[in-house]
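Nothing in this text is a laboratory measurement; each read-out follows from the coordinates by a stated rule. Predicted, not measured: the structure shown is a model, and the values here were computed from it. Cβ sites come from the backbone with ideal geometry, for glycine too, and all protein chains shown count toward neighbours.
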Amino acid sequence: MSDLVFYTNPMSRGRIIRWMLEEVGQPYETRILTWESGATKSPEFLAINPMGKVPAIVHGGAVVTESAAICAYLADAFPQANLAPAPGSRDRGPYYRWLFFGAGPVEQMASFAALKLEVPEDQRMMVGFGCAADVLNTLEGALKGREFLVGDSFTAADLYIGAHLGWGMGFGTIEKRPVFEDYVARLDARPAAVRAAQIDDALIPQPQPAE
C-alpha cells in the first residue's frame, strides 16, 4: 500500500491532480468516489474533506485538498521531479503568482461564464477576477513568445493553468485564442499528460446499450 492516496472522480478536477501525480512519477493509490453512491458525503471521506469534494490526497498522514494546493504540495514533496523553482530562487515568486492566478481569477472567471453571470462594470472591483477580458489579456501577455510561464522549464503552474485553459476552451467558458491553443497543445503532448488522460478516460462509466 502506498503512503500517497489520491481521492478522485475521473469527471472532476481530479484530472488535474492525476496529471500532476503522473508528472511526479511516484507510486500512489487511487480511490474513486462516485457522486451517485454518496461516497463523497460519507463519514469516512468527510473526515478527510468536510467539503465533500474531490480531489484530495493523503500523504504520510498529511491531508491536502484544493487542486492548486495539492499541485504546490506535490511539487515540494517530490523536488526530484523539478516541477517548481527552488525555494529562494527568483523564479519562485512568479511561480506562485501564476499558480494562484489560476486558482483565483481564472477559476472564478470560468465559473461565472459557466453560470452565465455578468458582473456590471461598476461592480467589477467586488470580484477577484474583475472581468474576463482583463484575465485573458493578462494571461495571453504572460504566454506570448514563451514556452512556459516561469523560466525555461515546465512547472506545476503550467500544469494548473494549462489544465484550466484546456478544459475551459473545450467547454466554452474560456475564449479560444491562438496563444492558448498552442500552449495547451504542447502541454497535452507531454507523456505524463497523455498517461493521465488515458487512465481517467478508462475510468469513466460507458453508457450501456439499450436492450
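Secondary structure note: in the chain, about 65% of the DSSP beta bridges are antiparallel. Of the residues Cys131, Tyr160, Ala113, the one whose Cα sits farthest towards the positive end of the charge dipole of segment 92-190 is Tyr160 (charges of +1 on Lys and Arg Cβ, -1 on Asp and Glu Cβ, taken about the Cα centre).
One compactness figure for segment 92-190 is 1.05, namely its Cα radius of gyration divided by 2.2 N^0.38 Å. The GluC sites (Glu not before Pro) of segment 18-67 that meet both conditions, a loop assignment by DSSP and at most 11 other Cβ atoms within 10 Å of the site Cβ, are Glu36. Taking the average, over residues, of other Cβ atoms within 10 Å as the packing measure, peptides 72-82, 108-118, 5-15 rank 5-15, 72-82, 108-118 from highest down. Helices of the chain meeting both criteria, an alpha-carbon length of 20 angstrom or more along the long axis and an average Kyte-Doolittle score not below 0.0, with helices taken as full DSSP H segments, are 156-171.
Straight-line reach from Lys116: taking Cα to Cα under 15 Å and skipping same-chain neighbours fewer than 8 places apart, the aspartates and glutamates in range are Glu107, Glu175. Taking 0.36 nm per residue of separation and subtracting the Cα-Cα distance, full extension of the segment from Ser153 to Arg90 would add 21.3 nm.
Applying the criteria of a DSSP loop state and at most 11 other Cβ atoms within 10 Å to the trypsin sites (Lys or Arg not before Pro) of segment 83-112 yields Arg90.
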